[in-house]
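Enquirer: Here's a structure for you.
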Amino acid sequence: MAIILKNIRKVYKNIVAVDGISLNIEEGTVFGLLGPNGAGKTTLVKILTTITTPTSGEAYIHGYDIKKDSIKIRRIIGVVPQENNLDRYLTARENLTLHAKMQGMPRSEYNERVDYLLNMMGLFHRRNDFPDKFSGGMQRRLVIARALIHSPTVLFLDEPTTGLDPQSRRAVWEYIQSLKEKTTIFLTTHYMEEADQLCDRIVILDHGKALIDGTSASIKETLKGSDLYEVEFEPDFKPDPSQREFLYFISDNPYEENGSIRINLKDKKYLKPLIERIETKYIRGIRRLEPTLEDVFIHLTGRSIRD
Amino acid sequence: MRGIFPICERDFIVSWRNISSDLLPTIVSPLTFFLAFGFGLQGYLSDIEGVPYTMFVVPGLVSMTAVTSAFDHGAWSLWFHRIVQKTINEYRVNPISVYEIVIGKILSGFLLGAIKGIVVAIILLFLINFQTSTGAESALGLLMDYSLVFSHLLFYLLFVFLGSMIFSCVGTMCGTVMDRPEDLNKIQGVVITPLVFLAGLFFPLSSFPSEVLPLIKLLPTTAIFEGARQALLQGRVESQYILELFVYAAVSFILAVIIFQKYIEE
Ligand SMILES: Nc1ncnc2c1ncn2[C@@H]1O[C@H](COP(=O)(O)OP(=O)(O)OP(=O)(O)O)[C@@H](O)[C@H]1O
Ligand SMILES: [Mg+2]
């Protein structure tokens, strides 16, 4: 197993950030951790990357204990933290070489590697500039390059593509996919599409607890039983999603998106009476939706905004 | 302990790069004191313990520069790495121990402080030379009069080094536990400045009433300024001062390492 967690808990004064997580992640997996703001994703990454110690529980990276063998773990992990923690007084290239030196790589080895990664992230022409002169996305790419210098066997990515344009995001995805053979990847993201495309296994976390664990397909499967429809109305009809007649037929609260309303029927048989109730002349179209990861996410974690 | 090297190297690269903007503030304060007291008051003051006032303050000004620079570097650099850039967490995902990180930081603060002290020493000696070359004596001649020999200089440097070491450790402690920049400024005003001014930099310790003198002698800055001056000008090394400084250095070093290790794990 690349990563083993046994009942990991982390309590900050009166906040329980991680509440008893147990996981076994196999080598070569792309593992995705999803969850609303404050769910505990970053805390979990910090625990596994030996930045923070857990309040209780055990965790192992390739058999090394996070509490006792932190130095050994740091040789084999690469870390992209949520915040771009670059050194603004060092050039882009110096940021990378400092990392290589701290990893104990000899100059002959890291020089080539650093240039290769700068090239790959499209930053080679800016290598002698200071990162505070970079755009947010460029800084992000530099942090990703830095995490890869020593060719880690387990890579932790805390929202790696936040702030990246679609081109860079795709380039990062491609690179992550190309690493898959030799590397175990543990990533957190708020982009459902990213989790869907990249991850072999997904866990949705909320309030420090794992709500669901499985492949993207198996997670979507959990909503298959219910029926999700998108109802599009004529432009002059202003539906009120909280209207009583809707509520009887549907399980979640309906919600509006791009002028149409998404509803989750309690049962297929309610479709006809619902349409009759609204009057067909107001309805432009009805589509049955395949549940997306986002639907499951919202279903499990609720609709309200987190503090 | 391999990790100490890249951390120090980084601090030296950055300091070298900022040298043009850093140098001025470093030399302005000792230079101001030198001009105001050394030149300005010189004529009104008799020799202190047989030493012209200018020569009396210069060794202290050099030690002061070293000590305050070491504190500043230790405190602000660690604070910046922790709070602003969060680069401490980048250091901490690499295979180096917390000990290597603090020791690297303490060491670079101490070396940079000592280097700045030496730069100020050279500038002040040049100025003394200028001041006295109108008379018969050159600075070199003046120093020779005080039988400045190589061993004096070595002992003087020992004092400056120990002082920088202590203040680099104290700075590191402050930079580790204080989150707000105002607090660091307060420490400078409330702790460092009184320590510097009470320690007999500008006046002989004999001015203090004899009841408080033993207390004043316990201040690390007294040991640094007074001890360093005696070593340089008289070739006299007071064992109490040396002993005090070694103890302070050892204690502050151990405390800095323990505090850093405890606080940095969040
Ligand atoms: N150093 C800390 N001290 C106190 N509480 C903390 C600390 N770090 C995190 N927390 C709390 O722990 C909880 C989990 O935070 P965490 O950063 O792990 O969330 P997250 O899932 O990464 O959120 P986001 O998606 O916004 O990045 C939050 O309630 C947060 O307030
Ligand atoms: Mg986070």
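Enquirer: Would you mind getting the Kirkwood hydrodynamic radius of segment B:4-265 from its Cα pairs, rounded to one decimal in Å?
Expert: Hydrodynamic radius (Kirkwood, Cα pairs) of segment B:4-265 is 19.1 Å.
Enquirer: Find the relative contact order for segment A:9-151 and round it to a whole percent, using C-alpha pairs within less than 8 Å whose residues are 6+ positions apart.
Expert: Relative contact order here is 21 percent.
Enquirer: Okay, next question. What residues qualify as long-range amide H neighbours of A:Leu157, i.e. H under 5 Å apart, gap of 5 or more or another chain, H built at 1.01 Å from N?
Expert: Amide H neighbours of A:Leu157: A:Val80, A:Phe186, A:Leu187, A:Thr188.
Enquirer: Taking a 27 Å limit on the Cα-Cα distance, which of the listed pairs A:Lys101/A:Lys209; A:Lys220/B:Lys86; A:Lys6/A:Lys46; A:Lys67/B:Lys105; A:Lys67/A:Lys101 fall beyond it?
Expert: Cα-Cα > 27 Å for A:Lys101/A:Lys209; A:Lys220/B:Lys86; rest within.
Enquirer: If you build the convex hull over the alpha carbons only and average its shadow over all orientations, what do you get for segment B:154-266? Give it in nm² to one decimal.
Expert: 7.7
Enquirer: Starting from 0.36 nm per residue, how many nanometres of slack lie between A:Lys182 and A:Lys209 once their C-alpha separation is accounted for?
Expert: Extra length available between A:Lys182 and A:Lys209 comes to 6.8 nm.
Enquirer: Could I ask something else about it? Using a 10 Å cut-off around each Cβ, can you sort A:Leu23, A:Leu34 from fewest to most neighbouring Cβ atoms?
Expert: A:Leu23, A:Leu34
Enquirer: What list of whole percents do you get for P(r) of segment B:224-266, with Cα-Cα distances grouped in 10 Å bins up to the one holding the largest distance?
Expert: That works out to 27, 33, 21, 15, 4, in percent per bin.
Enquirer: Counting other Cβ atoms within 10 Å, which trypsin sites (Lys or Arg not before Pro) in segment A:100-206 have at most 14 and lie in a DSSP loop?
Expert: Answer by residue number: A:Lys180, A:Lys182.
Enquirer: Over all pairs of distinct alpha carbons, what does the Kirkwood formula give as the hydrodynamic radius of segment A:13-79, in Å?
Expert: Kirkwood radius, segment A:13-79: 13.0 Å.
Enquirer: Under a 5 Å amide H to amide H cut-off, with H placed in plane at 1.01 Å, what residues pair with A:Lys209 once short-range neighbours are removed?
Expert: Hits under the 5 Å cutoff: A:Asp19.
Enquirer: Same structure again: With only alpha-carbon atoms counted, please give the Rg and Dmax of the protein assembly as shown, in Å.
Expert: 32.5, 114
Enquirer: With a cut-off of at most 14 other beta carbons within 10 Å, and DSSP calling the residue loop, which trypsin sites (Lys or Arg not before Pro) in segment B:170-266 qualify? Please list them.
Expert: Of the trypsin sites (Lys or Arg not before Pro), the ones in loops of segment B:170-266 whose Cβ has at most 14 other Cβ atoms within 10 Å are B:Arg236.
Enquirer: Please work out the Cα convex hull volume for segment A:132-218 and give it in Å³ per residue.
Expert: In segment A:132-218, the Cα convex hull volume per residue is 113 Å³.
Enquirer: Something else now. In what sequence do B:Leu111, A:Leu96 fall when counting other Cβ within 10 Å, fewest first?
Expert: Fewest-to-most ranking of B:Leu111, A:Leu96: B:Leu111, A:Leu96.
Enquirer: Can I ask one more? Per 5 Å bin, what is the whole-percent P(r) computed from every C-alpha pair distance within segment A:1-133?
Expert: Result returned by the calculation: 2, 9, 16, 18, 16, 14, 13, 9, 4, 0.
Enquirer: Which ordering of B:His73, A:His299, A:His62, A:His125 is given by a fewest-first count of other beta-carbon atoms within 10 Å?
Expert: With the fewest neighbours first, B:His73, A:His299, A:His62, A:His125 line up as A:His125, A:His62, A:His299, B:His73.
Enquirer: Right, something else. Two-decimal Rg/Rh of segment B:1-135 from alpha-carbon positions, Kirkwood Rh?
Expert: 1.13
Enquirer: Which whole-number percent gives the relative contact order of chain A, counting Cα pairs below 8 Å spaced six or more residues apart?
Expert: Here the relative contact order equals 20 percent.
Enquirer: Check which residues have an amide H placed less than 5 Å from A:His150's amide H, if you skip close sequence neighbours.
Expert: Under 5 Å from the amide H of A:His150 lies no amide H from a residue far enough along the sequence or on another chain.
Enquirer: Please give the net charge around A:Gly40, taking every other residue with its beta carbon less than 9 angstrom from that of A:Gly40, where Lys and Arg add +1 and Asp and Glu add -1.
Expert: Cβ neighbours under 9 Å give a net charge of +1.
Enquirer: Using 16 Å as the cut-off for backbone N distance, which residues of segment A:107-131 belong to the label zone defined by a point 7 Å from the Cα of B:Phe5 along Cα→Cβ?
Expert: Residues passing the 16 Å test: A:107-111.
Enquirer: Where does the protein assembly as shown land at 222 nm, in deg cm²/dmol rounded to the nearest 500, when only DSSP H runs of n ≥ 4 count, each adding -39500 (n - 2.57), divided by all residues?
Expert: When only DSSP H runs of four or more count, the value is -16000 deg cm²/dmol.
Enquirer: Using square roots of five times the C-alpha gyration tensor eigenvalues, list the equivalent-ellipsoid semi-axes of chain A in whole Å, biggest first.
Expert: For chain A, the ellipsoid semi-axes come out as 43, 23, 16 Å.
Every read-out reported here was derived from the displayed coordinates using simple, explicitly stated rules and does not represent laboratory data. What you see is a predicted model, and the numbers here were worked out from it, not measured in a lab. Cβ: placed from backbone, ideal geometry, glycine included. Neighbour counts: every protein chain shown.
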